[in-house]
Amino acid sequence: MSKTHVTTSINASLHEFLCEPGDTLLDVLRNELQLTGTKEGCGTGDCGACSVTLNGRLVCACLVLAVEVEGMEVGTIEGIGQSDSLDVIQEKFLEHAALQCGICTPGLIVSTKALLDENPDPTEAEARYYLAGNLCRCTGYDKIIRAVMDAAATLGGAKEGV
Amino acid sequence: MYNFNYHRPTSIDEAVKQYDEAEDGQYLAGGHTLIPTMKQRLSAPTDLIDLSGIKAMQGITRSDDGAEKMLQIGALARHEEVASSPIVKSMVPVLSALAGGIGDAQVRNRGTLGGSVANCDPAADYPAAVLGLNAQLVTNRRSLDAEQFFMGMFETALDEGELLTSVHFPRPEAAAYVKFPNPASRYALVGLLVAKTNDGVRVAVTGAAPAVFRAAAMEAALTDDFSVSALDSILLPAGDMNSDMHASAEYRAHLCTVMAQRAVAAIVAQDQARARQVTSEVTSESTS
C-alpha cells in the first residue's frame, strides 16, 4: 500500500503531502503539517474539537480521510486571526471568558465562524442549534453563547458602519 | 484503523468493478458510520471505494414518472443539501425538515442519504421517510419498493456489491416527522413519520425496533378518523421493541403513540393553514 500524493489548499495556501489511505485529515494536519491548533477529542465525530471547514462547510477532521481532500479547500483555526491581531470571535471568547481548559476552543471558534458566515445575525436558539456538535466538558456553554452573540452583534455593527 | 487500498472511481460501472475485484471491498459515502467503525477495528475492508467522484449519484431533481411528479435525490446528497434544497422544500417539505434535524452541523455536512439508508441503522431518521413516503430505491441493478428494502438491523435487500444510486420520493398530500431525539447524538429514540399519500395514510416508525416498520394499527385508526384522539387507545406492542440504556421497550412503545399524535397534530395544523389560505384567496377574489 503506497503513499498517496495529495494537493490541497489549507487556509488559502497550497499544500502538498503524502499520506497513507488510512490517515485522517486530522492526522495529517497535526502530524505532517504541524497545524496543531485543531485538536483531537473523541476521534469519532461526536465532540467537534477537530472542526475544520471543507470547501466552506463545517466538518469533523477526524472522520474525513486525508486522501478525500484532494483538490479541496480546508480551513483551520490557524486561518482565523493571528497572535498579534485576533479575530473578533477570538476577542469575544477572551472577553467573556468563554473557555476554561481550552481543548474545545479552536473547534468552537471555527464553528462560530462557519455559523456567522452562513447566518450573520443568528438568534440564540439558532446559535445553540448550530454549535450543538461542539462539546465543552468544562460546561462553559453559557459564556460561549454570550461570546458568540456578542461577536455576531459586533460584526453586524461593523458591517453597518462600512 | 487497518490500512486499505483507496479508489476514487468516476462512474457507477467503475465503482462496481473495483468492488468486485477487491478481496473485501466497501463503498465509502459520507463515512460517518464507516470511518468510526474502521477506527474501532470492527470493520477492516481491504479496499475502500470512495463514491464522491461519481456525478451520476449526485444532485436533486424533479422527474416525471408517468403522470406523477417524483422528487429524485442522488444517493450522495448530503443531509445539509437536502435540508436546504428549494426543490425538496417545495415538493416534499417533510424531508427537508427531517434532514435538517439529523445529528449536528458537522454530521449534516458529510452524511449522505444513500449512506444512511444503505446502512439501515435502527435509529436513523431517513428510513422513516423512505418507508413512510413509499419511496423507490434505485440501484445499479434494479428498482426496489421501500417495503422490500429494509430487512432488519443494519440489513437491507442490497446484494453483495449492489450500489444504491438514487431514491425517488412521490409527493405526499401532507406529511410530518416527529422524533424524540437522544439528547447527545440526536439519533431517534423513536421517530414517527405520518403521511397522507395516494395510497392512503402511512405511518412509519424508526428508532423503536431493530428496523423501520409500518404501524398498521395506527394507519387503520387514522384512515377511519384522521385526528389526534384516534390514536389515544393505540399502544404498539413493546415485545418487538429495542431496550437499552436510553429507553426501555415499554417507554419506546409509549413514545410511539405520543410522537404519532404530535405528527398528526402537525398535519392537521398544516391542513387548517392551507384551508385558511384558500378561504382568504376565495374571499379576496369575490370582493375584488
Over region B:5-53, what relative contact order in percent results from Cα pairs under 8 Å that are six or more residues apart? 56
Percent RCO, i.e. relative contact order, over chain B, from Cα pairs under 8 Å lying at least 6 residues apart: 13
Can you compute 3J(HN,Hα) from phi for each residue in region B:221-233, using the Karplus curve 6.51 cos²θ - 1.76 cosθ + 1.60 with θ = phi - 60°, rounded to whole Hz and x for Gly and Pro? 5, 6, 5, 5, 8, 7, 8, 4, 5, 4, 9, 3, 9
For q = 0.09 Å⁻¹, Debye-computed log10 I/I(0) when each Cα of region B:1-157 counts as one equal scatterer: -0.29
Given backbone amide H placed at 1.01 Å from N, residues whose amide H is under 5 Å from that of residue A:11, ignoring those fewer than 5 places away on the same chain, are A:74, A:75, A:76
Value of D in µm² per second that Stokes-Einstein yields for chain B, Kirkwood Rh from Cα pairs, at 25 °C (0.890 mPa s): 124
Counting other Cβ atoms within 10 Å, which chymotrypsin sites (Phe, Trp or Tyr not before Pro) in region B:137-173 have at most 16 and lie in a DSSP loop? B:154
What is the log10 of I(q)/I(0) for region A:4-78, computed with the Debye formula using one identical point scatterer on each Cα and no solvent, at q = 0.25 Å⁻¹? -1.22
Need one number: nm distance between label points at residue B:217 and residue A:31, each 7 Å from Cα along Cα→Cβ, rounded to one decimal. 5.3
Stretched fully, the stretch from residue B:154 through residue B:277 gains (0.36 nm per residue minus C-alpha distance, one decimal, in nm) 39.9 nm
Using unit Cβ charges (K, R positive; D, E negative) and no other charged atoms, how large, in debye to the nearest 20, is the dipole of chain B about its Cα centre? 860
In region B:1-37, which chymotrypsin sites (Phe, Trp or Tyr not before Pro) fall in coil by DSSP and have 11 or fewer other Cβ atoms within 10 Å? B:2
With only alpha-carbon pairs counted, each pair once and no self-pairs, how large is the Kirkwood hydrodynamic radius of region B:5-53 in angstroms? 10.8
Amide H partners (placed H, <5 Å) of residue A:65, local residues excluded: A:25
Long-range amide H contacts for residue B:104: which residues qualify at under 5 Å (H placed 1.01 Å from N, peptide plane, sequence gap of 5 or more or a different chain)? none
Please report the spacing between the Cα centers of region A:71-91 and region B:27-70 in Å, no decimals. 32
Reciprocal mean inverse distance between Cα atoms of region A:88-155 - Kirkwood radius, Å: 11.5
Against the rule of thumb 2.2 N^0.38 Å, how large the Cα Rg of the protein assembly as shown comes out: 1.04
Tell me, what is the percent relative contact order of region A:62-162, built from C-alpha pairs under 8 Å that lie six or more residues apart? 34
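Only the coordinates and a few stated rules stand behind these numbers; no lab work does. Please read these numbers as outputs of a predicted model, since none were measured by experiment. Because the Cβ atoms are built from the backbone with ideal geometry, glycine has one as well, and the counts that use them run over all protein chains shown.
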